[in-house]
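Scroll down for the structure; my scribbles are underneath it.
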Amino acid sequence: MLSLQRIESGYGESNVLRGVNLDVEPGQVVCLMGRNGVGKTTLMKTLMGLLKTRKGSIQWKGQELSTHDPAKRARSGIGYVPQGREIFPQLTVKENLLLGLETSAASVKTFPEDVLAMFPVLATMYGRQGGDLSGGQQQQLAFARALAARPGLLLLDEPTEGIQPSIVEDIRQVILQIKAKGEISILLVEQSIDFVRGAADYIYVMDKGAIALQGTPRELDMSQFEHHLSV
Ligand code: ADP
């Protein structure tokens, strides 16, 4: 349903991505791993249209996306939770969630009670300003806002980075709930093998702007796998 073919993109004169091929099938949780600086966030930004696709193709539900602007990609059902919890600190939790509806791909835009139910802590802080929330809670809010838009595919860029362990587990549980329902595919950038294990249907390991290794968690050769992840 999402298929990337030979994607090249980068900044200024330099190409970061050097021919990335990657697929996400309906309902799958696909993890993108790799050391810092190999191009994972660059791939997410390119997928969302925040960076230009220099070469290659991005097919989403049979449509070529690579020339569409970010808003059009969002409306076609791609949700994005960037690294660093980009929420609106002056708006309340409720208002932040309602903003998710603006980009909703769904025809009926009702308040996402079911999404709120997945994040009990947000329900208790419903009227508070986003800026009052802890880092981990802001990450959950960013995640909830993206879900409120009813995406078919969710791009999650290191949702657990710098977050306390109890909230990391809450986020993992939400990913498992989404996976169990099977309605939303997830492309997850994550560095922790422990987090990925049990959640991932398929893993891609990136190195120097290309996919160096891929397979199901069972198929992957651990020694090779660790070689590509260790610093
Ligand atoms: P990762 O997400 O795997 O840690 P990134 O995609 O963030 O890696 O970065 C890949 C490469 O692109 C790195 O060499 C990084 O220095 C470079 N890079 C990232 N963002 C920018 C930018 N805004 N301008 C120029 N180079 C960048």
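Inclusion of residue 88 among residues that are under 20 Å from the mean Cα position of the chain (by Cα) and in a loop (DSSP other than H, G, I, E, B) is warranted. Of the residues making up the range 25-51, those that are in a loop (DSSP other than H, G, I, E, B), near the ligand (Cβ under 9 Å from one of its atoms) and not polar (S, T, N, Q) are 34, 35, 37, 38, 39, 51.
Listed here are the residues, each with its yes/no results for (1) among the acidic types (Asp, Glu); (2) within 16 Å of the ligand (Cβ to nearest atom); (3) surrounded by 15 or more Cβ atoms within 10 Å (Cβ to Cβ).
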residue: 114; (1), (2), (3): yes, no, no
residue: 138; (1), (2), (3): no, no, yes
residue: 151; (1), (2), (3): no, no, yes
residue: 161; (1), (2), (3): yes, yes, yes
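Residues in the range 169-189 that are of a type in the set (A, V, I, L, M, F, W, C), within 22 Å of residue 94 (Cα to Cα) and open to solvent by 30 Å² or more (accessible area, probe 1.4 Å): 0 in all.
Among the candidates 156, 213, the residue that is open to solvent by less than 10 Å² (accessible area, probe 1.4 Å) and either in a strand (DSSP E or B) or basic (Lys, Arg) (or both) is uniquely 156.
Annotation note: of 58, 7, the sole residue that is modelled with pLDDT of 95 or more, out of contact with any Phe, Trp or Tyr (no Cβ under 9 Å at 6 or more places or on another chain) and within 16 Å of the ligand (Cβ to nearest atom) is 7.
The values are calculated or read from the model by the stated rules, or taken from the named source; none is laboratory data. All values reported here derive from a predicted model rather than from experimental measurement. All Cβ positions, glycine included, derive from the backbone under ideal geometry; neighbour counts span all protein chains shown. The protein model used for the area step is the full one, side chains on, heavy atoms only, and it has no ligands, DNA or RNA in it. Shrake-Rupley method; radii C 1.70, N 1.55, O 1.52, S 1.80 Å.
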